[in-house]
Amino acid sequence: MGAAKIKKGDKVIVLSGKDKGKTGEVTRAMPKDGKVVVSGVNVAIRHTKPTQGDPQGGLKRAEAPMHISKVAHVTADGKPTRVRFETKDGKKVRVAVKTGETIDG
């Protein structure tokens, strides 16, 4: 794998699945697994029994990781865009293909 096109803190939009069209911020990137965790998206509900550490138990909601190919970077107007790399002033920066705006830097 090359450099990460999607990193922690990026605003992304979901392209497919039950949360298609939702936007959120990447809270965790897992480049080795090719997955990302997006806040408020792909929420899994787990039924947990009461334990000593958690005497309440019940339904626990948590964002599950989703494949990186299911998300795309989102532009200022809320549309998905691909990301390419360009060298500006000797630095490698990420650029939105659709708008040409620099993502970092």
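The values are calculated or read from the model by the stated rules, or taken from the named source; none is laboratory data. This one's a predicted model, so the numbers in the text were calculated from it and none came from an experiment. All Cβ positions, glycine included, derive from the backbone under ideal geometry; neighbour counts span all protein chains shown. Please note that ligands, DNA and RNA were not included when accessible areas were found on the heavy atoms of the full protein model with its side chains. Shrake-Rupley method; radii C 1.70, N 1.55, O 1.52, S 1.80 Å.
Hey, how many Å between the Cα centroid of the stretch 7-41 and the Cα centroid of the stretch 55-105?
7 Å
Would you mind telling me which residue in Arg28, Arg84, Arg46 has the biggest mean-square fluctuation in a Gaussian network model of the chain, where springs connect alpha carbons within a distance under 10 angstrom?
Arg46
Output the relative contact order of the chain, whole-number percent, from Cα pairs under 8 angstrom with separation of 6+ residues.
21 percent
Leaving out ligands, DNA and RNA, and with a 1.4 Å probe, what % of the accessible surface on the chain is carbon or sulfur?
Working: 3710 of 7170 Å².
Of the solvent-accessible surface of the chain, carbon and sulfur hold 52 percent.
So how strong a dipole does the stretch 12-105 carry about its Cα centre when Lys and Arg Cβ are +1 and Asp and Glu Cβ are -1, to the nearest 20 debye? Display every interim value, and only then the final one.
Details: 19 positive and 10 negative charges, 62 e Å.
With Lys and Arg at +1 and Asp and Glu at -1, about 300 debye.
Return the sequence-ordered ³J(HN,Hα) values of the stretch 30-36 in whole Hz as given by the Karplus equation 6.51 cos²θ - 1.76 cosθ + 1.60 applied to θ = phi - 60°, using x for Gly and Pro.
Calculated HN-Hα couplings, in order: 10, x, 5, 8, x, 10, 9 Hz.
Taking the chain as a Gaussian network, where each spring joins two C-alpha atoms under 10 Å apart, which residue of Thr48, Thr75, Thr27 fluctuates the most?
Thr48
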